[in-house]
1. Hey, among the residues in segment 5-22 that are open to solvent by less than 100 Å² (accessible area, probe 1.4 Å) and not in a loop (DSSP other than H, G, I, E, B), which one's modelled with the highest pLDDT?
2. Among the residues that make up segment 54-71, is at least one of them under 18 Å from the mean Cα position of the chain (by Cα), modelled with pLDDT under 85 and not in a helix (DSSP H, G or I)?
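The values are calculated or read from the model by the stated rules, or taken from the named source; none is laboratory data. Keep in mind that this is a model prediction, so the values were computed, not measured. Accessible surface is based on the protein model in full, side chains and every heavy atom, while ligands, DNA and RNA are left aside. Shrake-Rupley method; radii C 1.70, N 1.55, O 1.52, S 1.80 Å.
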Amino acid sequence: MIDQSEGNKPSGAIWRRVRDLAPEYRALAHEGARKEAKRWKAARARLEDPSIDRSSMDIWLREQRRAFAIETGRI
């Protein structure tokens, strides 16, 4: 469903924010997608937990960004 209210989009924007399905269409939602969305949100919450050591992930992300930049330069 598309949000029709003007207050939810930036000035001059040609797009509209996508919202969840209207209640009458929720029966059409795919159960598998709903389960995966819950798993994704849980995984994301774990990654945002400030108590975990992120140093290994930060190193990996830095290396991936560098590799992507090099590959993009080759194009």
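1. Once the filter is applied, the top-ranked residue is Asn8.
2. No: segment 54-71 contains no residue that is under 18 Å from the mean Cα position of the chain (by Cα), modelled with pLDDT under 85 and not in a helix (DSSP H, G or I).
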